[in-house]
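Report on one structure; see the data block that follows.
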Amino acid sequence: MATKQRGRPRSFDRETALEQAMRAFWEHGYEAVSIADLTDAMGIRAPSLYAAFGDKRTLFEEAIEAYVRDFGAFSGRALAEEPTARRAVARMLREAAAFHTLPGYPRGCMVITAATNCTAQSEDVMRGLQERRAENVATVEARIRSDIAAGELPADTDAHALATYSGAVLQGMSQQARDGADRTTLERVAELAMAAWPAGKGEAA
């Protein structure tokens with residue numbers, strides 16, 4: 001007697017389904033999206049979702065990784081490729097203005113907005129995103145400290161405060177994008193934010 005096939009059908013496109021799940025989490029947040037919402041967005045049935053991705057939490061983590069890879073990697077690239085912290089942060093904020101307002105996609109940053117004010121059952125999801133944001137600020141702070149040691153920034157620069165400030169601007173730009181601010185406005189915000197930075201050696205204030 002033949003057994004009935006379980007799990008996802010052969011026509012199942014995992015990457016497309018994952019992108020649709022990412023969009024749902026990005027737009028509405030982790031807690032607001034139900035399994036029914038996810039299966040509807042992904043175009044699959046619940047058994048296929050569980051077979052391919054595990055539970056909702058596991059799917060969310062994979063969606064976050066996909067988001068970081070496809071939309072959130074600009075921060076890491078700026079920090080890795082620019083020669084100074086000041087130039088890296090300037091580029092990061094400038095590119096955030098573009099990525100937070102991409103036509104056809106949810107506004108803002110998924111890592112910033114997808115899990116806020118969560119209930120106790122989802123606290124670990126919220127903490128995970130908080131850790132990601134904290135790691136980004138810590139990386140900026142390390143770059144600032146390196147530039148201070150190299151004489152690129154003044155010796156009295158407060159590395160921790162400056163890195164935290166930069167993270168706060170980035171997060172604020174995300175919320176402004178969700179509230180309707182356009183790319184040009186956010187680019188201007190990025191320019192104004194950099195005016196608070198001390199001028200680096202050989203760089204204009």
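The values are calculated or read from the model by the stated rules, or taken from the named source; none is laboratory data. In this text the structure is predicted, and so the values were computed from the model without any measurement. Backbone-built Cβ (ideal geometry, glycine too); neighbour counts: all protein chains shown. To get the accessible areas, we keep the full protein, side chains included, count just its heavy atoms, and leave off ligands, DNA and RNA. Shrake-Rupley method; radii C 1.70, N 1.55, O 1.52, S 1.80 Å.
Round to the nearest 10 and give me the degree value, 0 to 90, for the angle of helix 56-70's Cα axis relative to the longest principal axis of the chain. The helix 56-70 is inclined about 50 degrees to the chain. The label point for R57 and the one for R77, both projected 7 Å from the Cα toward the Cβ, are 3.3 nm apart. Helix content alone sets the calculated 222 nm mean residue ellipticity of the chain: runs of n ≥ 4 DSSP H residues at -39500 (n - 2.57) each, divided across all residues, give -20500 deg cm²/dmol. Couplings 3J(HN,Hα) of the range 122-131, computed from phi: 10, 4, 5, 5, 4, 5, x, 6, 4, 5 Hz, in residue order, whole Hz [Karplus 6.51 cos²θ - 1.76 cosθ + 1.60, θ = phi - 60°; x for Gly and Pro]. Farthest toward the positive end of the dipole of the range 111-173, out of A161, G172, Q121, is the Cα of Q121, where the dipole comes from beta carbon charges about the Cα centre. For the chain, the solvent-accessible area with a 1.4 angstrom probe is 53 square angstrom per residue. One decimal place: the segment V68-D40 gains 7.7 nm when fully extended, by the rule 0.36 nm per residue minus the C-alpha distance. Roughly how many nanometres apart are two label points built 7 Å out from the Cα toward the Cβ at T185 and H28? The modelled label-to-label distance comes out at 2.6 nm. When +1 charges are put on Lys and Arg Cβ atoms and -1 charges on Asp and Glu Cβ atoms, the dipole computed for the range 152-205 relative to its Cα centre reaches about 160 debye. Using the Cβ-Cβ distance between T116 and A199 with R0 set to 30 Å, the FRET efficiency works out to roughly 0.30. What the phi angles of the range 82-89 give under the Karplus curve with 6.51, -1.76 and 1.60, with θ = phi - 60°, is a coupling list of 7, x, 10, 4, 4, 5, 5, 5 Hz, glycine and proline written as x. For a paramagnetic label modelled on T16 (point 7 Å from Cα along Cα→Cβ), amide N atoms under 16 Å away belong, within the range 39-57, to 39-45, 49.
Rolling a 1.4 angstrom probe over the range 47-150 with all protein chains present gives an accessible area of which 51% lies on carbon and sulfur atoms. Compared with the dominant principal axis of the Cα atoms in the chain, helix 183-194 is inclined by about 40°.
Taking the longest Cα principal axis of the chain as reference, the axis of helix 159-178 is set at about 50 degrees.
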